[in-house]
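Asks: Quick one: the structure is below, and I'll ask about it shortly.
The values are calculated or read from the model by the stated rules, or taken from the named source; none is laboratory data. Please read all numbers here as calculations on a predicted model, not as lab measurements. As a convention, Cβ positions derive from the backbone with ideal geometry for all residues, glycine included, and neighbour counts pool all protein chains shown.
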Amino acid sequence: MQARFKPLAGQVVVVSGAGSGIGLEAARLAAKAGAAVVLAGADEQAVRKACEEIGKAGGRCHPVAGDPATAEGCDRVARAAAARFGRIDSWIEAGGGEAALANAAQALVRQIGAGEEAGALVGFGRRLGKAARAELQKAKGRLGATMIRLPKDWRHDSPVEPVAKAALHAVTKPMGRMAVAAQGRRLTTVTEVKKHPGVVVGVGVLALVGVAVWFGRGRIGRVAASARPKIVRAVRPAVVGAVRRRPLQAAKLAAKYPRQALQLAKALR
């Protein structure tokens, strides 16, 4: 049976490097969304202060002083998370490198067991290291990983909210790879397309219909008309799936663009 990822509001999320920057923002947003958050970092004072702020805002959180870059530090964080909230569902590694990712992956594999619900690992960089990939193989599909690549011009004062939101998207829908555009203000176009495949497919169908209408009974119109049944069969499941996963967003788009929504509905009949 295919593994499922829990909604963010029902997750226990470990965020390492949570004393500042991306980790702190991810912890804040996760707690605001209803997740139980374990804030981990080498600077105990920083993570305790961050946890106090999140707690005052109504979030559920627990601070742990530990460095996942070492096996001992990661084990300390994992044991504290399990003792406080009973389990770990996902891990955002915002403070370390390849060693921390491998240790976090190992901790997640131990936690998720053989159940239907999977765990998610999120890191920052170009690729997973060899040790982390080995842990993913051990998980046999029960652990999804996402690496978020920051732009070359990333600085300590770059915007962290778009990156933190990307990390939280990945803990419920692992994407393998995501990328942040220059200056860190948004995700790259390719990443946005991967996040919303149904919307992009729908736009493509509308574009095809528009081309056929524009050229009328010409050659392109006949080609488009003959190809339409195959295209509809291919894209209908993606569009329907996107609407089912995001019904409120689909309803808002339909209300904002009623004519286009009607055209899309007719095209996919």
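Asks: Condition (residue is of a type in the set (D, E) and in contact (Cβ under 8 Å) with a residue 60 or more places away in the chain) applied to region 49-59: is it met by at least one residue? Even if it seems obvious, please write down each step before you answer.
Replies: First pass over region 49-59, keeping only residues of a type in the set (D, E): 52-53.
Remaining after also requiring in contact (Cβ under 8 Å) with a residue 60 or more places away in the chain: none.
No.
Asks: Further question on the same structure: Show the residue pairs meeting these rules: Cβ distance below 8 Å; 6+ apart or different chains; first residue within region 132-146 and farther than 13 Å from K173 by Cα; second residue modelled with pLDDT of 80 or more and of a type in the set (V, I, T).
Replies: Listed by first residue and then by second, the contacts come to E135/V109; K138/V109; A139/V109.
Asks: Follow-up. Name the residues in region 169-186 that are among the aliphatic types (A, V, I, L, M), surrounded by fewer than 22 Cβ atoms within 10 Å (Cβ to Cβ) and under 9 Å from the mean Cα position of the chain (by Cα), would you? Outline the logic, then answer.
Replies: If we filter region 169-186 for residues that are among the aliphatic types (A, V, I, L, M), which is where we start, we get 170-171, 175, 178-182.
With surrounded by fewer than 22 Cβ atoms within 10 Å (Cβ to Cβ) added as a condition, the list becomes 175, 179, 181-182.
Of everything in region 169-186, just one residue is among the aliphatic types (A, V, I, L, M), surrounded by fewer than 22 Cβ atoms within 10 Å (Cβ to Cβ) and under 9 Å from the mean Cα position of the chain (by Cα), namely M175.
Asks: State which residue pairs qualify: first residue modelled with pLDDT of 90 or more and inside region 1-27, second residue among the polar types (S, T, N, Q) in any location, beta carbons under 7 Å apart, and separation of 6 or more residues or different chains.
Replies: P7/T172; L8/T172; Q11/S90; V13/S90; G23/S16
Asks: Can you tell me which residue is farthest from the chain's Cα centre (by Cα) among those in region 147-168 that are touching a residue at least 60 places away in the same chain (Cβ under 8 Å) and either outside the structural domain of R186 (by TED's automatic domain parsing) or part of a loop (DSSP other than H, G, I, E, B) (or both)?
Replies: H156
Asks: Which of the residues that make up region 55-76 are surrounded by fewer than 18 Cβ atoms within 10 Å (Cβ to Cβ), touching a helix residue (DSSP H, G or I) at 6+ places or on another chain (Cβ under 8 Å) and closer than 14 Å to A104 by Cβ?
Replies: Selection gives T70, A71, D75.
Asks: Go through (1) in a loop (DSSP other than H, G, I, E, B); (2) touching a His at 6+ places or on another chain (Cβ under 9 Å) and name the single condition A69 misses.
Replies: (2)
Asks: It is to be established whether one or more residues within region 160-177 are closer than 19 Å to A82 by Cα and among the charged types (D, E, K, R). First the steps, then the outcome.
Replies: We begin by selecting, within region 160-177, every residue closer than 19 Å to A82 by Cα; these are 171.
Cutting the leftovers down to among the charged types (D, E, K, R) gives us none.
No: region 160-177 contains no residue that is closer than 19 Å to A82 by Cα and among the charged types (D, E, K, R).
Asks: Kindly indicate which of A40, A50 is of a type outside the set (V, I, T) and assigned to a helix (DSSP H, G or I). Steps first, please.
Replies: Numbers: A40 fails: assigned to a helix (DSSP H, G or I).
Going through A40, A50 in turn, just one is of a type outside the set (V, I, T) and assigned to a helix (DSSP H, G or I): A50.
Asks: Inside region 77-130, can you point out the residues that are surrounded by fewer than 20 Cβ atoms within 10 Å (Cβ to Cβ), in a loop (DSSP other than H, G, I, E, B) and among the acidic types (D, E)?
Replies: Of everything in region 77-130, just one residue is surrounded by fewer than 20 Cβ atoms within 10 Å (Cβ to Cβ), in a loop (DSSP other than H, G, I, E, B) and among the acidic types (D, E), namely E116.
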